[in-house]
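The values are calculated or read from the model by the stated rules, or taken from the named source; none is laboratory data. All values derive from a computational prediction rather than experimental measurement. Positions of Cβ are generated from backbone atoms using ideal geometry, with glycine treated the same way; all protein chains shown enter the neighbour counts. Keep in mind that these areas ignore ligands, DNA and RNA; they rest on the heavy atoms of the full protein, side chains included. Shrake-Rupley method; radii C 1.70, N 1.55, O 1.52, S 1.80 Å.
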Amino acid sequence: MLISSCGVQKNVEKTSQSAQQTQTLPFTHMVLEDLLDFKPTSKNWKIVSEAIVDTSKKRSISGVDGIGVLLNNSDRTSRKNIFTNFEHGDIELELEVMMPIGSNSGIYLQGRYEIQLYDSWNVKEPTDADMGAIYQRWNKTAERGKQGYEGHPPAINATKAPGLWQQIKIKFTAPTFDKAGNKTNNAKFDEVWLNDVLLHKNIEVTGPTRAAAFETETPLAPIMIQGDHGPVAFKNIKYKLHKK
């Protein structure tokens with residue numbers, strides 16, 4: 001009985017130590033009163049109170065003066081991406097997004113691993129280029145037609161019509177590295193949800209996806225939102241960091 005008691009005590013201690021090694025922080029809400037939560041970028045990004053999509057035109061969105069909504073309305077002269085000021089490793093990210101007709105954007109975890117944002121309304125068989133997909137990696141030296149690889153289409157098309165707010169939830173595990181800087185584990189999308197539908201579960205990404213901001217990988221880096229492919233709006237952005 002004494003041996004059993006000691007064994008239980010040791011297990012409790014190990015569990016306690018393990019819990020201390022990974023600390024989950026509470027959700028941080030991005031207020032979106034201004035662009036101070038983001039690195040400086042071009043004038044296609046601004047804060048508004050409301051986003052309005054013109055459903056009679058392609059790629060048409062406008063904003064109402066005020067706060068609470070992050071709007072990208074890119075054109076030929078202003079079309080830069082935007083990066084968060086904070087860097088992340090393991091993270092839970094939740095937000096709402098609005099897509100105009102025919103528009104395209106993307107959320108890049110650590111500026112490297114993209115969840116595709118696209119107007120995929122009424123698409124019957126979604127691909128890795130549709131809304132909620134984990135976008136493909138790209139080998140520009142490969143044979144034409146074979147450059148893209150490791151893309152992951154959503155399990156189902158859960159997209160809403162253009163001009164409606166859509167909810168995205170992402171649980172992401174960052175790549176890990178040993179003391180010498182060698183990668184020991186790939187980045188992984190633990191879960192990706194769109195409008196309360198599970199699109200992906202436990203999908204590893206072996207490296208940065210196409211059009212990533214960085215070719216190398218790292219334990220910590222900012223989120224990037226694509227601003228050069230088309231207009232898009234975001235609100236209710238919040239994130240929860242996990243510290244090891």
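The table below gives the values:
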item	result
Over the range 126-182, equivalent-ellipsoid semi-axes from the Cα gyration tensor in Å	28, 21, 8
D (Stokes-Einstein, µm²/s), Kirkwood Cα radius, the range 92-174, 1.002 mPa s at 20 °C	158 µm²/s
Estimated dipole of the chain in Debye, rounded to 20 [Cβ of Lys and Arg +1, of Asp and Glu -1, Cα centre]	400 debye
Listed residues Ser120, Leu95, Ala158: farthest to the positive end of the dipole of the range 86-168 (Cβ charges)	Ser120
Computed E for Asp37/Thr184 - FRET, C-beta separation, R0 30 angstrom, nearest 0.05	0.45
Electrostatic dipole magnitude of the range 81-149 [Cβ: Lys, Arg +1; Asp, Glu -1; Cα centre; debye, to 20]	500 debye
Within-14-Å neighbourhood charge of Asn73 [Cβ basis; K, R +1; D, E -1]	+3
Order by protection proxy (mean Cβ within 10 Å, highest first), peptides 167-175, 72-80	167-175, 72-80
Selected from Met30, Gly63, Ala133, residue furthest toward positive end of dipole (the chain; charges at beta carbon)	Ala133
Karplus 3J(HN,Hα) series, Hz, for the range 79-89 with 6.51 cos²θ - 1.76 cosθ + 1.60 (x for Gly, Pro)	7, 7, 6, 10, 10, 6, 6, 7, 10, 9, x
Accessible carbon and sulfur surface of the chain relative to its total accessible area, %, 1.4 Å	49 percent
Those residues of the range 210-238 whose amide nitrogen sits under 16 Å from the label point placed on Gln147, 7 Å along Cα→Cβ	210-213
Packing-based ranking, highest mean first, of 139-150, 47-58 given that Cβ atoms within 10 Å are counted	47-58, 139-150
Accessible surface, the range 82-166, averaged per residue in Å² (probe 1.4 Å)	41 Å²
